[in-house]
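A short worksheet on the structure shown next.
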Amino acid sequence: MHRLIVATWIVLFAAVAQAAPPYRVLIVDGQNNHAWKATTPVLTKHLTDSGLFKVEVATSPEKGKDMSGFTPKFADYQAVISNYNGDEWSEPTKQSLVDYVGKGGALVIIHAANNSFPKWTAYNEMIGLGGWGGRNEKSGPYVRFRDGQIVKDTQPGPGGHHGKQHPFQVIVRNSQHPITAGMPTAWMHANDELYDKLRGPAENIDVLATAYADPATGGSGEHEPMIFTVKFGQGRVFHSPMGHSVEAMECAGFALTLTRGTEWAITGQVTQTKLPEDFPTADKVSVRK
């Protein structure tokens with residue numbers, strides 16, 4: 001009996017130790033229609049500055065090169081962060097990510113990572129909503145905030161669009177979620193592409209914040225998802241359509257949503273409960289250099 005109790009405590013201690021910070025996270029990059037060589041270091045800095053994460057990077061072969069040897073060991077990490085938009089991965093690598101998230105792994109999707117893999121069914125289920133790559137009404141609905149509630153719009157049309165870059169206001173729609181708890185109802189995000197008309201399976205999705213895609217800047221005229229989560233199998237996914245550039249990622253609001261979202265995807269909770277003093281206000285952008 002004594003040995004059984006000791007063995008049980010060893011197993012429990014190992015599980016707690018594995019789940020304790022700093023969490024090992026993997027950023028995947030190497031291809032993107034955005035400047036990944038400049039933005040991955042910004043993501044890394046936000047994560048490491050929080051004191052919660054130890055960051056490693058898996059960089060894919062260049063566009064058009066053989067991808068068969070690109071086999072990141074997702075299961076070695078407590079979160080996978082995609083800053084990737086490019087060539088298809090090998091089937092074993094794809095299956096490895098599906099297995100990782102489905103069995104309880106954490107996935108974080110940043111900006112153009114939601115453009116990736118339009119024909120990969122499981123990927124679209126994991127990210128909830130995506131854009132471009134031929135996505136249309138067959139990919140799933142648009143998701144918008146109308147008349148005080150989140151609605152799914154099945155009208156025909158392409159998936160993925162944005163107007164000109166500009167600072168815009170993020171509106172928190174669910175202040176009870178750990179990621180957005182304590183944030184002001186409205187805060188200004190730095191100059192960025194405001195993705196609109198994203199569409200996808202939108203299953204098990206929780207929209208935490210939106211932004212109005214103003215027609216005056218070329219937007220859809222709808223309140224579009226800007227911070228949301230997806231449940232996939234036993235895993236959790238945090239998805240931020242923000243983050244086009246270094247300038248956009250240096251926003252203090254983006255930084256906090258990234259670190260809170262990553263921690264939540266790993267643990268289902270957030271320990272970064274205090275709002276930073278430099279957090280943006282409803283009418284003022286705040287940038288960290």
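The values are calculated or read from the model by the stated rules, or taken from the named source; none is laboratory data. Computed from a predicted model, the values in this text were never measured in an experiment. Backbone-built Cβ (ideal geometry, glycine too); neighbour counts: all protein chains shown.
Brief remarks follow.
- The set of residues in the range 173-204 being in a strand (DSSP E or B) and among the small types (G, A, S) consists of A186, A190.
- Tally, over the range 97-121, of residues that are buried (at least 17 other Cβ atoms within 10 Å of the Cβ) and either under 14 Å from the mean Cα position of the chain (by Cα) or of a type in the set (G, A, S) (or both): 13
- Some residue of the range 218-229 being touching a residue at least 60 places away in the same chain (Cβ under 8 Å), among the acidic types (D, E), in contact with a helix residue (DSSP H, G or I) (Cβ under 7 Å, 6 or more places away or on another chain) and closer than 21 Å to N115 by Cβ: no
- Hits in the range 223-238 (condition: under 19 Å from D99 (Cα atoms) and within 14 Å of the chain's Cα centre (by Cα)): T229, V230, K231, F232, G235, R236, V237, F238
- Evaluating A252 against the criteria (1) buried (at least 23 other Cβ atoms within 10 Å of the Cβ); (2) more than 12 Å from the chain's Cα centre (by Cα); (3) within 17 Å of I171 (Cα to Cα) leaves one unmet condition, (1).
- I266 vs. criteria touching a Ser or Thr at 6+ places or on another chain (Cβ under 6 Å) and surrounded by 23 or more Cβ atoms within 10 Å (Cβ to Cβ): no
- D196 passes every criterion in (1) more than 18 Å from the chain's Cα centre (by Cα); (2) buried (at least 18 other Cβ atoms within 10 Å of the Cβ) apart from (1).
- Some residue of the range 141-155 being in contact (Cβ under 8 Å) with a residue 12 or more places away in the chain, crowded, with 19+ Cβ neighbours inside 10 Å and in contact with a helix residue (DSSP H, G or I) (Cβ under 9 Å, 6 or more places away or on another chain): no
- W120 of a type in the set (F, W, Y), within 15 Å of Y195 (Cβ to Cβ) and without any contact (Cβ under 8 Å) to a residue 60 or more places away in the chain: no
- Test set (1) of a type outside the set (A, V, I, L, M, F, W, C); (2) farther than 20 Å from H244 by Cα; (3) surrounded by fewer than 21 Cβ atoms within 10 Å (Cβ to Cβ) - E125 fails condition number: (3)
- Within the range 122-141, at least one residue is touching a Ser or Thr at 6+ places or on another chain (Cβ under 7 Å), of a type in the set (D, E) and modelled with pLDDT of 95 or more.
- Residue, farthest from A20 (Cα to Cα), within the range 56-85, restricted to residues that are hydrophobic (A, V, I, L, M, F, W, C) and surrounded by 22 or more Cβ atoms within 10 Å (Cβ to Cβ): I81
- For beta carbons closer than 7 Å, sequence separation of 6+ or different chains, a first residue in the range 70-98 that is over 17 Å from G30 (Cα atoms) and a second that is crowded, with 23+ Cβ neighbours inside 10 Å and among the hydroxyl-bearing types (S, T, Y), the qualifying pairs are A79/T262.
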